[in-house]
Amino acid sequence: MQETAHEVPNGAGVALRGQVTTMTSAYQQLFIGLALAFVLIYLLIVVNFQSWLDPFVIVVALPTALAGIVWMLFASNTTLSVPALTGAIMCMGVATANSILVISFARERLADGADPITAAIEAGSTRFSGRCS
């Protein structure tokens, strides 16, 4: 920059910039979108289940999905990028859908008269094995 300083006309300046501001803005918007999606999913599930506790249980599973995402990014030596964050948001959606199914199945078993522990074990094992009754 010092070598070309004499070529700059009087009253003009030179500023070196890169993609940092654009990248930072994209990350901020994605993280805000993720947080907003988190809150909206919770409120939508509250309306669906007509309960404040069941959606809380579903949303509590999301940090474990996020930990798995971070672990896989680290294990695969993948940098944090916009496609990686987009995939993370999609993975959180899949984890939410899976949690909803497990909770729904456990609620059905509770309604059939099963005790809570048996209902939870049956719901988890049924969802894990992929068989439905």
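The values are calculated or read from the model by the stated rules, or taken from the named source; none is laboratory data. All of these numbers come straight from a predicted model, not from anything done at the bench. Glycine gets a Cβ as well: all are built from the backbone with ideal geometry, and neighbour counts include every protein chain shown. These area figures cover heavy atoms from the full protein model, side chains too; ligands, DNA and RNA do not enter into them. Shrake-Rupley method; radii C 1.70, N 1.55, O 1.52, S 1.80 Å.
Using DSSP to call loops (not H, G, I, E or B), can you name the chymotrypsin sites (Phe, Trp or Tyr not before Pro) in the stretch 5-96 whose Cβ has at most 14 other Cβ atoms within 10 angstrom? Walk me through the intermediate numbers first.
Working: sites: Tyr27, Phe31, Phe38, Tyr42, Phe49, Trp52, Phe56, Trp71, Phe74; in loops: Trp52.
Those satisfying the criteria are Trp52.
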Dipole of the chain, positive end: most advanced residue of Gly113, Val8, Ala88 [Cβ charges, Cα centre]
Gly113
With the contact rule set at Cα under 8 Å and sequence spacing of 6 or more, what percent relative contact order holds for the stretch 8-133?
20
Angle check, please: helix 62-75 long axis (alpha carbons) against the longest principal axis of the chain (alpha carbons), in degrees 0 to 90, nearest 10.
50
Alpha-carbon radius of gyration plus Dmax, which is the widest Cα pair, for the chain in Å:
23.7, 85
Enter the accessible area per residue of the chain (Å², integer; probe 1.4 Å; all protein chains in place).
73
Relative to the longest principal Cα axis of the chain, at what angle does helix 20-49 sit, 0 to 90 degrees, rounded to 10?
20
Given Cβ point charges of +1 (Lys, Arg) and -1 (Asp, Glu) and nothing else, what value in debye, to the nearest 20, does the dipole of the chain about its Cα centre take?
140
Mind checking the angle between helix 82-111 and the chain's longest principal axis? C-alpha axes, 0 to 90 degrees, to the nearest 10.
10
Out of the stretch 1-109, which trypsin sites (Lys or Arg not before Pro) are coil in DSSP terms and have no more than 14 other C-beta atoms within 10 Å?
Arg17
